[in-house]
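The values are calculated or read from the model by the stated rules, or taken from the named source; none is laboratory data. What you see is a predicted model; the values in this text were computed from it and never measured. Positions of Cβ are generated from backbone atoms using ideal geometry, with glycine treated the same way; all protein chains shown enter the neighbour counts. Keep in mind that these areas ignore ligands, DNA and RNA; they rest on the heavy atoms of the full protein, side chains included. Shrake-Rupley method; radii C 1.70, N 1.55, O 1.52, S 1.80 Å.
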Amino acid sequence: KLTKKVYSLINKAATRDKKRGVLKGIKDVTKAIRKNQKGIVVIGADVSPFDVVSHLPVMLEEAKVPYVWVPSRQDLGTATNCKRPTTVVLLRPHAEIESSFDKIVSAIEELNSSE
């Protein structure tokens, strides 16, 4: 259920503003997190080899950036209006999507606190 909401929000952000709405790819997302940019990070769980994204959860927790895993890289790529699968997406906050953005952030925090 949360996965569909995340995909929908990514799609809205990607169609609204292609350049600033979402950041795709491990290199760009890692660079943005190091520069203290905030947002929601969505990671595809079917990454092979897994070592490619294994550094992200630790880095995100240190930066206090919420992150969530989704089952498919292909669906993540489709949500960003791209034909290729995408491993990692950074969804930046924006005024138009703020209410849904806040709901997803609270849902992610609720998931993390229950673990």
Practice task
Would you be able to tell me the number of residues in region 76-86 that are surrounded by 19 or more Cβ atoms within 10 Å (Cβ to Cβ) and farther than 19 Å from K27 by Cβ?
Solution key: 1
Practice task
For residues that are in contact with a Phe, Trp or Tyr (Cβ under 9 Å, 6 or more places away or on another chain) and charged (D, E, K, R), scanning just region 61-91, find the one that is farthest from N36 (Cα to Cα).
Solution key: D75
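Filter region 14-40 down to residues that are touching a Leu at 6+ places or on another chain (Cβ under 6 Å) and of a type in the set (A, V, I, L, M) and give me whichever is most open to solvent (accessible area, probe 1.4 Å). Break it down into steps so the answer makes sense when it comes.
Looking only at region 14-40, we keep the residues that are touching a Leu at 6+ places or on another chain (Cβ under 6 Å), and these are 22-23, 29, 32, 39-40.
Cutting the leftovers down to of a type in the set (A, V, I, L, M) gives us 22-23, 29, 32, 40.
Values: V22: 13, L23: 30, V29: 0, A32: 4, I40: 2 Å².
Result: L23.
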Exercise for the section: State which residue pairs qualify: first residue under 30 Å from D51 (Cα atoms) and open to solvent by 80 Å² or more (accessible area, probe 1.4 Å) and inside region 87-114, second residue part of a strand (DSSP E or B) and of a type outside the set (F, W, Y) in any location, beta carbons under 8 Å apart, and separation of 6 or more residues or different chains. Expected result: L111/V68
